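First up is the structure itself, then whatever we jot down about it.
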Amino acid sequence: MSSSVITWTAYVDLHFPDKCLDLYYTFAMNCIQLYELCANQNMWFLALDFAACPTWQVEDKIDANNVAYTSGKLSFHTDYPVLYHPPGIQFLHCIKQAATGGESEVVDGFHVSNKLKEQNPQAFQILSSTLVDFTDVGVDYCDFTMQSKQRIINVDYRGQVVRINYNNATRDTVFDIPAEKVQPFYAALKEFVDLLNSPEHKFTYKMKPGDIVTFDNWRLLHGRRSYQSGAEISRHLEGAYADWDVVMSRLRLLRKIIQNSN
């Protein structure tokens, strides 16, 4: 078992003791197998040309067109809230790690959202009802101009949190809501972000070359501490996505196998 899987299962055990770690580990391993299958078959959740490449590289570049491609700090975010259907599962494989800095950070967005709801129901209501503009324009494998309107906290008909849509780097300067609602929105957002960054909620770890982590991009916000870059590439991660529909299909099959074996 890789150190990253051990780290992640320890985190699950700490925060979700009622969950079955064996199933989580089996699920993670099958996600990795699914990723390898998709790579071999050229099957990807997104048909857009810029994401059609089987994997993408996260490394500091001189002509960076994304804050992820710098050596600076990455604040907590989910990937691609600029898409109406963001990728569900994310894989990150560490190829090279910086000697100093570059630690990864994760936080459970569902847990933090529920904490916000407990301490400030009005702030929760604002973030779960206000449509926020996201936009991303540039070149990465191809030219692209993407836009969406998302609620930062998505809830279902029962009021349960089902998805977090938040990346301040792609939150648009356009914000078409009544002027009197702007300050309450930013106050609510600040409270949410403060909770995300609270030491009691976030988990920090440093990947080693060969480690791979997989996580729920709809639930887990991730970030990175800054690191010192040099003449050569100091830190290199390779990433990929899988769609939740594909993953859930596989998980249902696994559940049947486990149930039948018992």
Using beta carbons and a limit of 9 Å, which pairs, at least six apart or on different chains, have the first residue in the range 164-183 and over 15 Å from Arg151 (Cα atoms) and the second one acidic (Asp, Glu) and outside any helix (DSSP H, G or I)? Ala169/Asp136; Thr173/Asp133
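Counting just the residues of the range 148-158 that are in contact with a strand residue (DSSP E or B) (Cβ under 9 Å, 6 or more places away or on another chain) and in a loop (DSSP other than H, G, I, E, B), which one comes out surrounded by the fewest Cβ atoms within 10 Å (Cβ to Cβ)?
Filtering the range 148-158 for residues in contact with a strand residue (DSSP E or B) (Cβ under 9 Å, 6 or more places away or on another chain) gives 148-156.
From what is left, the residues that are in a loop (DSSP other than H, G, I, E, B) are 152, 156.
Working: Ile152: 26, Asp156: 9.
Looking at residues that are in contact with a strand residue (DSSP E or B) (Cβ under 9 Å, 6 or more places away or on another chain) and in a loop (DSSP other than H, G, I, E, B), I get Asp156.
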Positions within the range 219-254 being under 26 Å from Ile164 (Cα atoms) and in a helix (DSSP H, G or I), in sequence order: Trp244, Asp245, Val246, Val247, Met248, Ser249, Arg250, Leu251, Arg252
Inside the range 185-218, the number of residues satisfying the requirement of being aromatic (Phe, Trp, Tyr), touching a residue at least 24 places away in the same chain (Cβ under 8 Å) and assigned to a helix (DSSP H, G or I) is 2
If Ala179 satisfies all but one of (1) of a type in the set (A, V, I, L, M, F, W, C); (2) more than 16 Å from Gln119 (Cα to Cα); (3) surrounded by 14 or more Cβ atoms within 10 Å (Cβ to Cβ), what's the number of the condition it fails? (3)
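Quick grid of which residues meet (1) under 18 Å from Asn217 (Cβ atoms); (2) charged (D, E, K, R):
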| residue | (1), (2) |
| --- | --- |
| Gln125 | no, no |
| Thr130 | no, no |
| Asp133 | no, yes |
| Phe144 | no, no |
| Arg151 | yes, yes |
| Gly159 | no, no |
| Ile164 | yes, no |
| Ala169 | yes, no |
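Residues checked against (1) over 28 Å from Glu118 (Cα atoms); (2) hydroxyl-bearing (Ser, Thr, Tyr):
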position: Arg158; (1), (2): no, no
position: Pro184; (1), (2): no, no
position: Phe192; (1), (2): no, no
position: Leu195; (1), (2): no, no
position: Thr204; (1), (2): no, yes
position: Ile212; (1), (2): yes, no
position: Arg219; (1), (2): no, no
position: Ser234; (1), (2): yes, yes
Where Ala123 falls short, out of the listed (1) touching a helix residue (DSSP H, G or I) at 6+ places or on another chain (Cβ under 7 Å); (2) surrounded by fewer than 16 Cβ atoms within 10 Å (Cβ to Cβ); (3) among the hydrophobic types (A, V, I, L, M, F, W, C): (2)
Residue set Val132, Val112, Val82; condition in contact (Cβ under 8 Å) with a residue 40 or more places away in the chain, of a type in the set (A, V, I, L, M) and in contact with a helix residue (DSSP H, G or I) (Cβ under 8 Å, 6 or more places away or on another chain); output residue Val112
Lone qualifier among Lys149, Lys206 - being within 23 Å of Glu105 (Cα to Cα) and of a type in the set (D, E, K, R): Lys206
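Any idea which residue in the range 176-227 is farthest from Asp60 (Cα to Cα), counting only those that are touching a Lys or Arg at 6+ places or on another chain (Cβ under 8 Å) and among the aliphatic types (A, V, I, L, M)?
Step one: of the range 176-227, the residues touching a Lys or Arg at 6+ places or on another chain (Cβ under 8 Å) are 195-196, 201, 204, 209, 218-219, 223-227.
Retained after the next criterion (residues that are among the aliphatic types (A, V, I, L, M)): 195-196.
Values: Leu195: 29, Leu196: 25 Å.
Out of the qualifying residues, it is Leu195.
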Hey, can you tell me all the residues within the range 124-147 that are touching a Pro at 6+ places or on another chain (Cβ under 9 Å) and part of a strand (DSSP E or B)? Val132, Phe134
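Among the residues of the range 219-260, how many are of a type outside the set (Gly, Ala, Ser) and touching a strand residue (DSSP E or B) at 6+ places or on another chain (Cβ under 7 Å)? Before you say what the answer is, go through the steps one by one.
Residues of the range 219-260 of a type outside the set (Gly, Ala, Ser): 219-222, 224-225, 227-228, 232-233, 235-238, 241, 243-248, 250-260.
Going one step further and asking which of them are touching a strand residue (DSSP E or B) at 6+ places or on another chain (Cβ under 7 Å), we end up with 219-222, 224-225, 227-228, 233, 235-238, 241, 244, 247.
Here the count works out to 16.
All of the numbers you see were taken from the coordinates with simple rules; none came from a lab. Here the structure is a predicted model, which is why all the values come from computation and not from measurement. Glycine gets a Cβ as well: all are built from the backbone with ideal geometry, and neighbour counts include every protein chain shown.
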